[in-house]
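Asks: Below is a structure I'd like to ask you about.
The values are calculated or read from the model by the stated rules, or taken from the named source; none is laboratory data. Predicted model, so just to flag it, every value in this text is computed and none were measured. Note that we place each Cβ from the backbone using ideal geometry, even for glycine, and neighbour counts take in every protein chain shown. Surface accessibility is based on the protein's heavy atoms, side chains included, excluding ligands, DNA and RNA. Shrake-Rupley method; radii C 1.70, N 1.55, O 1.52, S 1.80 Å.
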Number of protein chains: 2
Amino acid sequence: MDPLAEVISAIDAVDVRFPTSLSLDGSDAMNPEPDYSAAYVTIRTSDGDEGYGLAFTVGRGNDVEVAAVRALVPLVVGMPVSDALADLGAFSRRLTGDSQLRWLGPDKGAIHMAAAAIVNAAWDLRARREGKPVWRLLAEMPPEELVGLVDFRYLQDALTPGEALDILRRAEPGRAARQAELLDSGFPAYTTTPGWLGYSPEKLAALAKEAVEDGFTQIKLKVGADLDEDVRRLRLAREVVGPDVRIAIDANQAWGVGQAIEWLRPLAEFDPYWIEEPTSPDDVLGHAAIRRAVAPIKVATGEHTHNAVMFKQLLQAEAIDVLQLDASRVAGVTENVAILLLAAKFGVPVCPHAGGVGLCEMVQHLAMFDFVAVSGTQTDRVIEYVDHLHEHFVDPVRIERGRYLAPVEPGLGARLHTESVARYRFPDGPVWQRDAVVVA
Amino acid sequence: MDPLAEVISAIDAVDVRFPTSLSLDGSDAMNPEPDYSAAYVTIRTSDGDEGYGLAFTVGRGNDVEVAAVRALVPLVVGMPVSDALADLGAFSRRLTGDSQLRWLGPDKGAIHMAAAAIVNAAWDLRARREGKPVWRLLAEMPPEELVGLVDFRYLQDALTPGEALDILRRAEPGRAARQAELLDSGFPAYTTTPGWLGYSPEKLAALAKEAVEDGFTQIKLKVGADLDEDVRRLRLAREVVGPDVRIAIDANQAWGVGQAIEWLRPLAEFDPYWIEEPTSPDDVLGHAAIRRAVAPIKVATGEHTHNAVMFKQLLQAEAIDVLQLDASRVAGVTENVAILLLAAKFGVPVCPHAGGVGLCEMVQHLAMFDFVAVSGTQTDRVIEYVDHLHEHFVDPVRIERGRYLAPVEPGLGARLHTESVARYRFPDGPVWQRDAVVVA
């Protein structure tokens, strides 16, 4: 190895938490009072370059996530930067394949989310060095290089390297036109802002009305805590938005399989577009049973689907109509490339999960890459949008008339303002010193 | 609350690691050099009682596991001991259901294994106070109390509370006779000692011969790294043990679905009894496809099956012939009661995963409870046995003529000698000071 080569010199992880439970932003049937948080990662190189990534959590346990990131750091510190960035598939496998650390997963839970934070930071670093937003970096890669990112070991029975290559090659001729379209008119969003469970009917109605006025054609309501309440909220929302705006509903895993089917019956008259997370995120067969029973209501899941093997099965079992990948649940951009290819193979639209801390900023790149270079369409594709915490990001998302504008700044978008990190650092940041009695 | 009531006053977690990689004990296709480790947990009460549990890992990452235990501790410290022990179902749900911490799972990975360690320690505490080994504590519980331990939320589509009650009531009349049989003649074991991948052919042959002479009627070999090597090792083992001793083989997740089917074809002539972990532990549908293709070789899995919802699906999809529950992968004794009931409903034999640190000591209680009060049979049931690290336990397993003798000491068996904890504590114990250069 060249002793003067630039290497990954350090990876920092910081516990950053926002006291969102104070306002009940983000409240749902399973998450009554989240404090949206991030294990925030900075990759540093010996030449002084930096890349930024994060794993999103909802408060307690963010320290465990930071510990998991730190356990992975020795696996890649010291690597030549050029090797790491030239093959981010191998880089990802190095993080997820350690023979001792994989016992904590494999490919799931805290250790996998920690890999996501580091993998995302590496993609951010590469994109910054190439001067491109990640969506464009991906969308301009040769199909062979994209296929080379995928770990096919457990996926080949559903998607072969040859099929993946075919999907990407078929989309190649239209890449330039779609890239221009994206830069011109963006990508459709839907908003979850009106629908948190902790909001009053008045607040729900006002925010739903505002969403439609702002140009959104889909909103989402949280359900699953109280059936009568769900009927009232859904009726109210439908009255406010009218028949043409899609209303998705989200149970956040509150139900068993039979219970989901029962609960959805009286909600059907309000024409919900999809039911999200009706049951345990691990229950592939349960989702399939629910889907068969509740059609034409679509079934959506993915924010807790912990890896590509689970997505593979959701697709094989015809368990979902909508695939909701997440930026930091699976091992970051690399594993999400595999998931986008699986979705394309099975013809299922990808509508990423977002909100939280920095998820909107990150997932937009995946949806836009999908449009330009994989599925080639925006039909029935929407990216979730939630309008909080964006002010903490250096390159926040831009929303206009219900659409995400394509990011033009280099990177993945997860870089936080230095002042935000200092202020919300847990437990020593000034926000947590002040609010400690109220929130802890 | 009575201010004088006994409460859970503290829960300690210690990082204990044994440098097993030095001898290649425990080496397989995915774990070339594990250092068998435990996040070792002690529950303490305000009256000075103690209960012991652990989560097993294979080295790096054991610190993350300890951090995960510590994140859960505040959820139960301060609880009245009588409340905690009277309803260990509610106690377990308190640990796995925290609305913020469950984001790291839910019910999977490091945070779920941490819950296992605490739940197991609570069962140990209760059993010590009642003066019974855990198997007998469970086997003498009324069926209604056992059913009350189960969280049916995500299981009802496969097993209702009524069905669970029926299973337990059907087994009730024979409990006393089977308990006497168990105390008299124990429970069958099989041994993995001969089969580690790092062992030479000579060592394999000698240990296989010794196992048969010691009375074992089943051994297990690790496979999956090199096909020619596997053929040679399996042929050798078959020659040594003869046609009547069962030889299980274990790929430790090395293969994809199609690859597993191909790899097993040339091994079939040596009549392997089961193939264990042929592919990703998450791949329910993959296991089902492999099982259909490789019959009559049985398919076994479970040591990485992360919760009861996954076991439910393995059973629903007819993906396994043998269910290998683990003591600390799912949330301890409580979730394993649900898994035993699911297995009984589907008529699939449970052959627990063991070895590691303290797994033999713990899982024997589950298999014996199953025999006495759930399935009511030992037919095709065997508990894995590996002959190392038992000397560190206060109440080690006792094996005679290839059978586990029923434990008679109160508790779950996971209590380590104080001197072992002090000596193998990582990174400050004397063993790690001495071996630091070689092992780290």
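Asks: Sort the stretch A:169-419 into rounded, prolate or oblate with this rule: let a ≥ b ≥ c be the square roots of the eigenvalues of the Cα gyration tensor; rounded if a/c is under 1.5, and if a/c is not under 1.5, prolate when a/b is larger than b/c, oblate otherwise. Don't jump to the answer; show the numbers that get you there.
Replies: Details: a/c = 1.66, a/b = 1.21, b/c = 1.37.
Oblate, since a/c reaches 1.5 and b/c is not below a/b.
Asks: In addition: Sorted from largest to smallest, which semi-axis lengths in Å does the alpha carbon gyration tensor of the stretch B:294-440 give for its equivalent ellipsoid, taking the root of 5 times each eigenvalue?
Replies: 31, 18, 14
Asks: Also: Pop out the ³J(HN,Hα) list for the stretch A:3-15 in order, Karplus 6.51 cos²θ - 1.76 cosθ + 1.60 with θ = phi - 60°, rounded to Hz; leave Gly and Pro as x.
Replies: Ordered by residue, 3J(HN,Hα) equals x, 9, 4, 5, 10, 6, 9, 6, 10, 9, 10, 10, 8 Hz.
Asks: Oh, and also: Would you mind giving the average projected area, over all directions, of the Cα convex hull of the stretch A:337-380 in nm² with one decimal?
Replies: Values: hull surface 11.9 nm².
So the mean shadow area of the Cα hull is 3.0 nm².
Asks: For chain B, what does the helix formula give at 222 nm: sum of -39500 (n - 2.57) over DSSP H segments with n ≥ 4, over the residue count, nearest 500 deg cm²/dmol?
Replies: Values: 17 runs with 181 residues, N = 440.
Taking each H run of at least 4 residues, the total per residue is -12500 deg cm²/dmol.
Asks: Output the Cα-based Rg and Dmax of the stretch A:54-202 in Å, rounding Rg to one decimal and Dmax to a whole number.
Replies: Rg and Dmax of the stretch A:54-202, Cα atoms, are 18.8, 56 Å.
Asks: Follow-up question, since we're still on this one. Across peptide B:54-64, how many C-beta atoms of other chains are within 10 Å of each residue C-beta, on average?
Replies: Numbers: counts 0, 1, 1, 4, 6, 5, 11, 13, 5, 4, 14.
What the average comes to for B:54-64 is 6.
Asks: What residues of the stretch A:84-105 lose no less than 50 Å² of accessible area with every protein chain in place versus their chain by itself (probe 1.4 Å, heavy atoms only)?
Replies: Flagged in the stretch A:84-105: A:S99, A:Q100, A:R102, A:W103, A:L104.
Asks: Can you work out ³J(HN,Hα) from phi for every residue in the stretch A:244-256, in order, using Karplus 6.51 cos²θ - 1.76 cosθ + 1.60 and θ = phi - 60°, giving whole Hz and x for Gly and Pro?
Replies: 3J(HN,Hα) across the stretch A:244-256, in whole Hz: 9, 8, 6, 10, 8, 10, 9, 9, 6, 6, 5, 10, x.
Asks: Only Lys, Arg, Asp and Glu count, each charged at its Cβ (+1, +1, -1, -1), so figure out the dipole size of the stretch A:255-414 about its Cα centre, rounded to 20 debye.
Replies: Numbers: 11 positive and 21 negative charges, 93 e Å.
In debye, rounded to 20, the stretch A:255-414 gives about 440.
Asks: Rounded to the nearest whole Å², what accessible area per residue is found for the stretch A:184-312 with the 1.4 Å probe? Let's see the in-between values first.
Replies: On the way: 4300 Å² over 129 residues.
Computed with neighbouring chains in place, this is 33 Å² per residue.
Asks: If I take every Cα pair under 8 Å that is 6 or more residues apart in the stretch B:13-77, average their sequence separation and divide by the length, what percent do I get for the relative contact order? Intermediate values should be presented prior to the final figure.
Replies: Details: 96 pairs, mean separation 20.0, N = 65.
Value for the stretch B:13-77: 31 percent.
Asks: Would you mind giving the mean number of other chain beta-carbons within 10 Å of the Cβ of each residue in A:285-291, as a whole number?
Replies: Working: counts 9, 8, 0, 0, 2, 1, 0.
Averaged over the peptide's residues, the number is 3.
Asks: Run the label-point distances for B:T418 please: 7 Å along Cα to Cβ, every other copy, nanometres, shortest first.
Replies: Ordered by distance, the counterparts are at 5.2 nm.
Asks: Further question: Using the structure shown, select from A:K222/A:K298; A:K209/A:K312; B:K108/B:K203 the pairs with a Cα to Cα distance greater than 27 angstrom.
Replies: On the way: A:K222/A:K298 16 Å; A:K209/A:K312 38 Å; B:K108/B:K203 37 Å.
A:K209/A:K312; B:K108/B:K203, as the Cα separations exceed 27 Å there.
Asks: Using only the Cα atoms of the stretch B:111-171, build the gyration tensor, take square roots of its eigenvalues as a ≥ b ≥ c, and label the shape rounded, prolate or oblate: rounded if a/c is under 1.5, else prolate if a/b is larger than b/c, else oblate.
Replies: Values: a/c = 3.32, a/b = 1.26, b/c = 2.63.
Oblate.
Asks: Tell me, rounded to the nearest percent, the portion of alpha carbon pairs in the stretch B:57-131 spaced more than 14 Å apart. Let's see the in-between values first.
Replies: Values: 1664 of 2775 pairs.
Beyond 14 Å sits 60 percent of the P(r) for the stretch B:57-131.
Asks: Give me the angle, in degrees from 0 to 90, between the Cα long axis of helix A:430-439 and the longest principal axis of the Cα atoms of chain A, rounded to the nearest 10.
Replies: Tilt of helix A:430-439: around 40 degrees.
Asks: Right, something else. What total accessible area, in Å², is buried where chains B and A meet, using a 1.4 Å probe and rounding to the nearest 100? It would help to have the intermediate numbers written out before the result.
Replies: On the way: alone 16870 and 16880 Å², together 28840 Å².
Looking at B and A, the buried total is near 4900 Å².
Asks: Further question: Could you give the distance between the Cα centres of the stretch A:131-170 and the stretch B:84-132, to the whole Å?
Replies: After rounding, the separation between the Cα centres reads 42 Å.
Asks: Which semi-axes, in whole Å and largest first, does the equivalent ellipsoid of chain B have when worked out from the alpha carbon gyration tensor as the square roots of 5 times its eigenvalues? The partial results should precede the final answer.
Replies: Working: eigenvalues 215, 132, 87 Å².
Calculated on Cα positions only, the semi-axes equal 33, 26, 21 Å.
Asks: Moving on to the next point. Put +1 on the Cβ of every Lys and Arg and -1 on every Asp and Glu Cβ in the stretch B:311-408; which of B:T377, B:I399, B:S328 then has its Cα farthest towards the positive end of the dipole?
Replies: B:T377
Asks: Sticking with this structure for a sec: Take the solvent-accessible surface of the protein heavy atoms, probe 1.4 Å, and return the percent of it on chain A that carbon and sulfur atoms account for. List each step's numbers first, then the result.
Replies: Numbers: 7270 of 14430 Å².
Here carbon and sulfur together make up 50 percent of the probe-accessible area.
Asks: At 7 angstrom along the Cα-to-beta-carbon line, where would the label on A:T160 sit relative to the other copies? Give the distances in nm, shortest first.
Replies: Between copies, matching label points for A:T160 lie 4.7 nm apart.
Asks: Along Cα-to-Cβ, 7 Å out, sits the label point; list in nm, shortest first, how far the one on A:L227 is from those in the other copies.
Replies: So the label point of A:L227 gives 5.6 nm to the other copies.
Asks: How high is the relative contact order of the stretch B:5-149, in percent, counting Cα pairs under 8 Å that sit 6 or more residues apart? Let's see the in-between values first.
Replies: Working: 247 pairs, mean separation 37.0, N = 145.
Normalised by residue count, the contact order of the stretch B:5-149 is 26 percent.
Asks: Calculate the translational D of the protein assembly as shown in whole µm² s⁻¹ from Stokes-Einstein, where the hydrodynamic radius comes from the Kirkwood formula applied to all Cα pairs, the temperature is 37 °C and the viscosity 0.692 mPa s. Walk me through the intermediate numbers first.
Replies: Working: Rh = 27.9 Å.
D = 118 µm²/s.
Asks: Quick one: angle between helix B:359-369 and the longest Cα principal axis of chain B, in degrees between 0 and 90, rounded to 10, please.
Replies: Around 80 degrees separate the two axes.
Asks: So what are the ³J(HN,Hα) numbers for the stretch B:92-107, from phi and the Karplus equation (6.51, -1.76, 1.60; θ = phi - 60°), rounded to whole Hz, Gly and Pro as x?
Replies: Values per residue, Gly and Pro as x: 5, 5, 4, 6, 9, x, 4, 5, 8, 5, 5, 4, 6, x, x, 6 Hz.
Asks: Follow-up question, since we're still on this one. Specify, for chain B, the residue whose C-beta is closest to the rotation axis mapping it onto chain A, with the distance given in whole Å.
Replies: Minimum Cβ distance to the axis, with residue: B:G109, 1.
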